[in-house]
Amino acid sequence: MTDSGSILLNLLDLEELDTNLYRGIGSGGETPMRIYGGQVIAQALAAAYASVPERLCHSLHAYFIRPGDPSKPVIYEVDPARDGGSFTTRRVTAIQNGRQILNLAASFHHIEQGWEHQHEMPDVPPPEGLKSRDVLHQQHAHRIDEKHRAEFTRSRPFEIRDIEPRDPLNPDITSDINHMWIRMEAAKGAGPQLQHVLMAYASDFGLLGSALRPHGLTWHKPEAMTASLDHAMWFHAPVQFEDWHLYTMDSPFGGGGRGFNRGSIYTREGRLVASVAQEGLMRPIKRQTP
């Protein structure tokens with residue numbers, strides 16, 4: 001396992017402080033400026049799973065309330081809202097400095113049989129032959145300001161291969177539809193609960209970027225203030241996230257300083273295993289005149 005994968009597993013290994021009370025590491029995620037949203041979601045889901053050992057999560061809904069400080073730990077308080085015959089509900093509050101930074105509600109369901117249908121996976125090139133995002137970042141590294149270069153090129157705990165990679169510093173205006181192959185070595189050998197937690201972590205990565213595409217923007221072109229506002233996820237089938245999955249995303253609407261984004265996650269064989277929806281802040285930065 002890579003060092004970044006070990007760091008991620010350490011981030012998701014919460015310390016139990018008391019009944020339904022846990023502490024998670026704040027640093028080590030995808031950005032040093034604030035806690036990456038997928039990290040807080042994944043830690044909150046891990047806290048909820050600690051009291052639901054026999055059932056798998058089928059949906060979660062989260063609101064980001066305040067940005068998290070990566071220099072401090074996060075406290076997770078779990079409310080055991082309901083233990084029913086078929087469904088279990090947990091509410092999790094993430095706290096820093098005595099204030100909430102995220103609220104999450106998750107529902108868990110015992111395995112049942114029923115009718116099945118799904119949308120077909122988009123027809124896209126396979127991951128073989130596509131350059132990994134890490135390789136592309138290394139190729140663009142000389143164009144990044146030196147103080148941000150190490151963060152831009154550092155290894156991530158997941159591997160991404162974009163179907164249509166964009167220039168991070170000078171992106172074209174393009175369709176909101178965004179496809180990427182993704183897998184996570186850290187998921188190898190993980191149980192079904194941890195597989196969900198790891199996929200929840202990765203699900204926030206690049207989703208809001210779909211709303212930036214029609215406007216010729218990226219994270220590295222500082223014209224927009226961006227942040228995840230809420231995040232919903234539905235798990236449809238068992239996950240083996242160490243294998244390649246296609247994360248296909250789009251943004252049906254942008255306006256009012258917000259962008260709405262959707263995502264579908266398929267196995268390589270075409271089975272839909274998860275769906276995601278998120279609204280994010282997409283506020284134009286007002287530059288001061290000299």
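The values are calculated or read from the model by the stated rules, or taken from the named source; none is laboratory data. This structure is a prediction, so every number in the text was calculated from the model and none was measured. Cβ placement follows ideal geometry from the backbone for every residue including glycine, while neighbour counts extend to all protein chains displayed. Remember, those area values only see protein heavy atoms, side chains included, never the ligands or the DNA or RNA. Shrake-Rupley method; radii C 1.70, N 1.55, O 1.52, S 1.80 Å.
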Treating only the Cβ of Lys, Arg, Asp and Glu as charged (+1, +1, -1, -1), what charge dipole size does segment 146-283 show about its Cα centre? Round to the nearest 20 debye. 140
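Taking all protein chains as present, what is the carbon and sulfur share of the accessible area of the chain, in % to the nearest whole number, probe 1.4 Å?
Summing carbon and sulfur atoms, their accessible area is 51 percent of the total for the chain.
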Assign one of three labels to segment 198-273, namely rounded, prolate or oblate, based on the Cα gyration tensor with a ≥ b ≥ c the square roots of its eigenvalues; rounded applies when a/c is under 1.5, prolate when it is not and a/b is larger than b/c, and oblate otherwise. prolate
In Å², what does the accessible area per residue of the chain work out to with a 1.4 Å probe? 52
Which of GLN39, GLN113, GLN100 moves most in a GNM of the chain, Cα contacts under 10 Å? GLN113
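What does the extension gain come out to for ARG82 and MET225, with contour length at 0.36 nm per residue minus their alpha carbon separation? If you can, show how the numbers build up before the last one.
On the way: separation 143, 0.36 × 143 = 51.48 nm, distance 3.81 nm.
Full-extension gain reported as 47.7 nm.
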Near SER86, within a Cβ-to-Cβ distance under 13 Å, what is the net charge of the other residues, with Lys and Arg +1 and Asp and Glu -1? -1
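Can you give the local net charge around LEU8? Use residues other than it whose beta-carbon is closer than 12 angstrom to its beta-carbon, Lys and Arg +1, Asp and Glu -1. Don't skip to the answer; put the middle values down first.
Working: positive: ARG156; negative: ASP3, ASP13, GLU30, GLU185.
It works out to a net charge of -3.
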Would you mind calculating the gained length between VAL124 and ILE163 on full extension (0.36 nm times residue separation, minus the Cα-Cα distance), in nm to one decimal? 13.3 nm
Sort TRP244, TRP234 from largest to smallest accessible area, using a 1.4 Å probe on the heavy atoms of the protein chains. TRP234, TRP244
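Before rounding to the nearest 500, sum -39500 (n - 2.57) across all DSSP H runs of length at least 4 in the chain and divide by the residue total; then give [θ] at 222 nm in deg cm²/dmol. It would help to have the intermediate numbers written out before the result.
Values: 6 runs with 54 residues, N = 290.
So the calculated ellipticity at 222 nm is -5500 deg cm²/dmol.
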Ranking by accessible area, most exposed first, for THR93, THR88, THR19 with a 1.4 Å probe: THR19, THR93, THR88
Starting from the Cα of HIS58, step 7 Å toward the Cβ, then list every residue of segment 226-264 with an amide N under 13 Å from that point. 234-238
Return the distance in nm (one decimal) between the two label points of a simple spin-label model at ALA277 and LEU21, each offset 7 Å from Cα along Cα→Cβ. 3.6
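Please identify the GluC sites (Glu not before Pro) of segment 154-225 that satisfy two criteria: DSSP loop assignment and at most 13 other Cβ atoms within 10 Å. Which are they? Walk me through the intermediate numbers first.
Values: sites: GLU159, GLU185, GLU223; in loops: GLU223.
Taking segment 154-225 and a limit of 13 other Cβ atoms within 10 Å, the loop GluC sites (Glu not before Pro) found are GLU223.
Got the relative contact order for the chain handy, in percent, Cα pairs under 8 Å and 6 or more residues apart?
Details: 614 pairs, mean separation 50.0, N = 290.
That works out to 17 percent.
Note the full-extension length gain between GLU269 and ALA50 as 0.36 nm times their separation in residues minus their Cα-Cα distance, in nm to one decimal. Kindly include the intermediate steps, with their values, before the conclusion.
Values: separation 219, 0.36 × 219 = 78.84 nm, distance 3.11 nm.
So the chain would gain 75.7 nm between GLU269 and ALA50.
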Can you tally the net charge around LEU281? Count Lys and Arg as +1, Asp and Glu as -1, for every other residue whose Cβ sits under 11 Å from the Cβ of LEU281. 0
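Round to the nearest 0.05 the FRET efficiency obtained for TRP115 and SER71 when R0 = 51 Å and r is the Cβ-Cβ distance. List each step's numbers first, then the result.
On the way: r = 49 Å, r/R0 = 0.97.
Calculated transfer efficiency: 0.55.
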Set the Förster distance to 25 Å, then compute FRET efficiency between LYS188 and GLU146 from the Cβ-Cβ distance, nearest 0.05. 0.10
